[in-house]
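First the structure, then my questions, so here it is.
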Amino acid sequence: MKLNDQTVSILKNFSTINQNLVIKEGSEITTMSAMKNIVSKATVEETFPVEFAIYDLNEFLSAMSLFTKPDLDFKDDFVVITESGSKGRNLKYWYSEPSVVTTPSREVTMPSVDVEFPMNSGILSEVQKAAAVIGAPDMVLEDDELRVTDKKNDTANSYSTSLDTKSDDDGEIHVNEIMLNETGDHFVVITNNESEKTSRLSLIDISTNEWNVVE
């Protein structure tokens, strides 16, 4: 099996959420942060033939990078990585015990959606870069503007960009909770919590159906 660039990019992104990963048989992969407050799910083009656990996802990706065109042969207890079109060298990578890795214990489901609208690929990267420059922890959607600032500080620096949301709904998310690939186009989703009188922003990668939910 060969993993396409998009799938590798998703795995790299998952490694920023948690170095542990359990991939189940099929085409959906999910991960959860060690604090169990961020979960992410993606649908990939490949179909994994077996369920397996990886303790250190960065190490696994580095192992794959030893090959120009890695070809993966999934066995019951390990995967054999070879160079596509060549049998001169190979790497045997053993799976981890599932019991020692952090993984979602239940099906990850998307929260109900009250409002959604598209956002082009450059805006997320632009806004996150601005947040890093001014040290802004919060991303707020308000009055058709996506703004990063510190909501706890009335005199905090802020950066904003206009969006055509066609909606009066507002929402917010912590910048450090955004774990999606910055290079793809996204949907911005607003979920209203009536009991807590709050609204949350979620971001969905349109091309991969990858999304993260902060619980």
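The values are calculated or read from the model by the stated rules, or taken from the named source; none is laboratory data. Quick caveat, the model's predicted, so the values are computed rather than measured. Neighbour counts run over all protein chains shown; Cβ positions are idealised from the backbone, glycine included.
Is there any pair with a first residue in the range 92-104 that is farther than 8 Å from V22 by Cα and among the basic types (K, R) and a second that is at pLDDT 90 or above and not in a loop (DSSP other than H, G, I, E, B) whose Cβ atoms are under 9 Å apart and which are 6 or more apart or on different chains, and what are they?
Qualifying pairs under 9 Å: K92/F78; K92/V79; K92/V80; K92/I81.
Let me ask another. List the pairs whose first member sits in the range 121-137 and is touching a residue at least 24 places away in the same chain (Cβ under 8 Å), whose second member is in a helix (DSSP H, G or I), and whose Cβ atoms are under 6 Å apart, counting only residues at least 6 apart or on separate chains?
A131/V175; P137/V175
Quick one: in the range 137-179, which of the residues that are small (G, A, S) and either assigned to a strand (DSSP E or B) or at pLDDT 90 or above (or both) is farthest from S33 (Cα to Cα)? First the steps, then the outcome.
Step one: list which residues in the range 137-179 are small (G, A, S), which gives 156, 158, 160, 162, 167, 171.
Imposing the further condition that a residue be either assigned to a strand (DSSP E or B) or at pLDDT 90 or above (or both) reduces the set to 156, 158, 160, 162, 171.
Values: A156: 29, S158: 28, S160: 29, S162: 31, G171: 22 Å.
Filtering the range 137-179 for residues that are small (G, A, S) and either assigned to a strand (DSSP E or B) or at pLDDT 90 or above (or both), the one farthest from S33 (Cα to Cα) comes out as S162.
Could you please find all residues in the range 1-24 being part of a helix (DSSP H, G or I) and either on the phi > 0 side of the Ramachandran plot or in contact with a helix residue (DSSP H, G or I) (Cβ under 8 Å, 6 or more places away or on another chain) (or both)?
Let us first name the residues in the range 1-24 that are part of a helix (DSSP H, G or I), namely 5-17.
Those that are part of a helix (DSSP H, G or I) and either on the phi > 0 side of the Ramachandran plot or in contact with a helix residue (DSSP H, G or I) (Cβ under 8 Å, 6 or more places away or on another chain) (or both): V8, L11, K12, F14, S15.
How do the pairs read when you match residues in the range 38-56 that are among the polar types (S, T, N, Q) with residues anywhere that are crowded, with 16+ Cβ neighbours inside 10 Å and outside any strand (DSSP E or B), using Cβ under 7 Å and keeping only pairs 6 or more apart or on different chains?
The qualifying pairs are S40/F14; S40/I17; S40/M179; T43/T208.
Could you please find all residues in the range 26-54 being crowded, with 17+ Cβ neighbours inside 10 Å and in a loop (DSSP other than H, G, I, E, B)?
The one that is crowded, with 17+ Cβ neighbours inside 10 Å and in a loop (DSSP other than H, G, I, E, B): S33.
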